[in-house]
1. Looking only at residues that are more than 9 Å from RNA strand B (Cβ to nearest atom) and assigned to a strand (DSSP E or B) in the stretch A:184-202, which one is nearest to A:E108 (Cα to Cα)?
2. Assess whether A:P6 counts as being at pLDDT 85 or above, in a loop (DSSP other than H, G, I, E, B), surrounded by fewer than 19 Cβ atoms within 10 Å (Cβ to Cβ) and not charged (D, E, K, R).
3. From the list A:P549, A:P537, A:P594, which residue is more than 15 Å from RNA strand B (Cβ to nearest atom) and either assigned by TED's automatic domain parsing to the domain that holds A:K622 or within 30 Å of A:R376 (Cβ to Cβ) (or both)?
4. Looking at A:R140, A:R181, A:R135, A:R205, which is the one that is within 16 Å of RNA strand B (Cβ to nearest atom) and surrounded by 13 or more Cβ atoms within 10 Å (Cβ to Cβ)?
5. Quick check, is A:I69 surrounded by fewer than 22 Cβ atoms within 10 Å (Cβ to Cβ) and on the phi < 0 side of the Ramachandran plot?
6. Suppose we filter the stretch A:158-178 for residues that are of a type in the set (D, E, K, R) and either assigned to a strand (DSSP E or B) or within 16 Å of RNA strand B (Cβ to nearest atom) (or both); how many remain?
7. Identify the residue in the stretch A:621-641 that is more than 41 Å from the chain's Cα centre (by Cα) and not in a helix (DSSP H, G or I) and, among all such residues, is farthest from RNA strand B (Cβ to nearest atom).
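The values are calculated or read from the model by the stated rules, or taken from the named source; none is laboratory data. Note that the structure is a prediction, hence the values are computed from the model and not measured. Virtual Cβ from ideal backbone geometry, glycine too; neighbours counted across all protein chains shown.
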Amino acid sequence: MIVKLPDGRTFEYAGSAKLKDVLVTTDRQLLKTVIGAKLNGELVDFHRVLPADAKVELITIDSPEARPIYRHSLSHVLAQAVKRLIPNAKLAIGPAIDDGFYYDFDVEKPFTPEDIEKLEAEMKKVIKENYPFERSEVSRDEAHKLLSEMKESYKLELLEELPPGETISFYKDGDFVDLCRGPHILGTGQVKHFKLLNVAGAYWRGDEKNKMLQRIYGTAFYTKEELEQFLHMREEAKKRDHRKLGKDLGLFYFSEHIGPGLPLFTPKGEIVRYLMESYVREKQTRYGYQHVWTGHMVKEELYRRSGHYDNYVDSMFPPMIDEGIAFRLKPMNCPSHMMLYKEMGTHSYRDLPLRFAEFATLYRYEKSGELSGLTRVRAVTQDDCHIFCTPDQIQSEFSLALNLVREVLETYQFKDYRVRLSLRGSTGKYVADDEKWGKATTALKAALDANRVKYEPVEGEAAFYGPKADFLATDVLGREWQLSTIQVDFIQPARLGLEYIAEDGRTHTPVVLHRAVTGSTERFLGVLIEHYAGAFPVWLSPVQAVVLPITDKHAPYAGKVLEQLKSVGVRAELDGSNNTLNYRIRHAQLQKTPYMLVVGDREQQNEQVAVRLRTGEDLGAKGVAEFVHFIQNKIADKELI
RNA sequence: GCCGGCGUAGCUCAGUCGGUAGAGCAACGGUUUUGUAAACCGUAGGUCGGAGGUUCGAAUCCUCUCGCCGGCUCCA
């Protein structure tokens, strides 16, 4: 067999063997750093007997591909530590995840922060004891017997569900054995830099009908530096938390007298909302959208017909009954826009596409435990749109929506995004109409392909009425947010009896594309606050410039400068408070005001302002007219500063 | 909704064994007249999230409740 090292070197080994044995007999040094291998691009275990003609690539511990393997191994170490401290704890599952790993346990008492410290200490012991991970393959009966003896009821449940013919394997390290597919690192001593992060309740298999287990999250890295950097990023994310910044910058509040998930926006917060919405509104108008308004309440009956009632009644606020008729606060716009389409009379194919956009505040009864700052609220203002078109317009309409999405994301400096194609799952809420689903899915795929958009299909993520292309944008901290979405719907228009007269003179059902660009104003604002760390681009800043007179005697001149800025629509303020200049600069700085305009004798004499940026940069003195021109360009170009 | 944690002044937090609430910042008043990230002095501010209970006495102990945080799940 030919073994390739990460540095490109290769060596050969005669005959078939377990990779581990190959390493033992050829290069023992490698045992310290090799944690996995790939055979034909697929991860393989050290314990698998490889054929003589195999070509394997070794993965060393510092490779990104190695992470899930050693993180998963650390989850075993965690389980081992739990078992040592709480012998009757039952094991559930313990996978590697994007940022680390977790393990779910069924324990009598939930873990406390002290438990976590103890567990960390115990894990360090296990690592120090450096047990090899040993794989054993057993028959189903043996596995059943073993797990029964161990009283691992959750593992037994997992075993039952393994498909017939599947190899059943256990991994043992020291005093710990676990049903596990693998692969694993060679020994517990290979990764030393890890941290347990938090404890949380988690339902067995994510189903609230099941028992609540205790989940412990942790992470692991190869080097101490990587771990520290990860923890630093978490700190950074905490500093950028929009809930904290929203308060610090005075943008929005929640009041328990108003209700959970119902944010209140201050004048500063509302101006940002207004600017965000105006921007998208203007863009949409240019893209041929028409803005409509369909109010806040709808008869429940409409949602029964559209299918929303069956699928989302739990997410609607309870009904208001008037003379026996139930009304609902509007949880989505689609049926309203479709009714508007109908009321506007007979539509000719010549009228299509019709693009109805609306910034409507929708009310969704999110479960209390799910609310979170602005990213999850009960009053959401969606930048929603429904495009009524003919089947052969789908592709061009999709392209148009895609361009709009791209342009807006770029303006907000989301440089990277990926697309998830959310498809119907085999079971669930989906409307049963294979023909329409087939058409919709084919049309959406064709539209993505025609625009050369790469996507990854995910089954079971579609809306009940059709497939979706969801855009996941990456922010400056590398976190992903699902913002934009474009969806194809053949179902609702038919259910609600929408029609148009086609070229053949007959009645046809239009297709509806649902799309949102920023998603919702509230959520997007929350994301933006974190993306920009509260330092909004000039065009979005609630206060764009603050004038700072050095002493009282410069106040009249400062007032004049302020008026000049205001007269051209710049959002400027004057800070003539009885504080030192340094103090007022610091204050403006903490408020992330883009421009600080210091005026003293020199500036007054020359009709100037001394321009300081919130970055700390000093642009020196500029004529007032020059600065006005300067900031107006920055605003028009939507520059950061 | 469920599991766990947390609620003390506008903000950040201290408050011992149950003995009746404190700091810094912010605010306000004054002094200072300031040249690029915190001048100085003073004043005011709290039903300790809410309700009930135990106790001679509760921020502190117990019960319920509301809100927030970390997750689970879902997101038309």
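1. Looking at residues that are more than 9 Å from RNA strand B (Cβ to nearest atom) and assigned to a strand (DSSP E or B), I get A:L196.
2. Against the criterion (at pLDDT 85 or above, in a loop (DSSP other than H, G, I, E, B), surrounded by fewer than 19 Cβ atoms within 10 Å (Cβ to Cβ) and not charged (D, E, K, R)), A:P6 does not qualify.
3. Exactly one of A:P549, A:P537, A:P594 is more than 15 Å from RNA strand B (Cβ to nearest atom) and either assigned by TED's automatic domain parsing to the domain that holds A:K622 or within 30 Å of A:R376 (Cβ to Cβ) (or both), namely A:P537.
4. From the options A:R140, A:R181, A:R135, A:R205, the qualifying one is A:R205.
5. It is false that A:I69 is surrounded by fewer than 22 Cβ atoms within 10 Å (Cβ to Cβ) and on the phi < 0 side of the Ramachandran plot.
6. Selection size over the stretch A:158-178: 3.
7. My answer is A:G623.
So that you can scan it fast, the table gives a plain yes or no per residue for (1) crowded, with 17+ Cβ neighbours inside 10 Å; (2) at pLDDT below 90; (3) not in a helix (DSSP H, G or I):
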position	(1), (2), (3)
A:V82	yes, no, no
A:N88	no, yes, yes
A:Y103	yes, no, yes
A:F111	yes, yes, yes
A:E117	no, yes, no
A:M123	yes, no, no
A:H144	no, no, no
A:L147	yes, no, no
A:Y154	yes, no, no
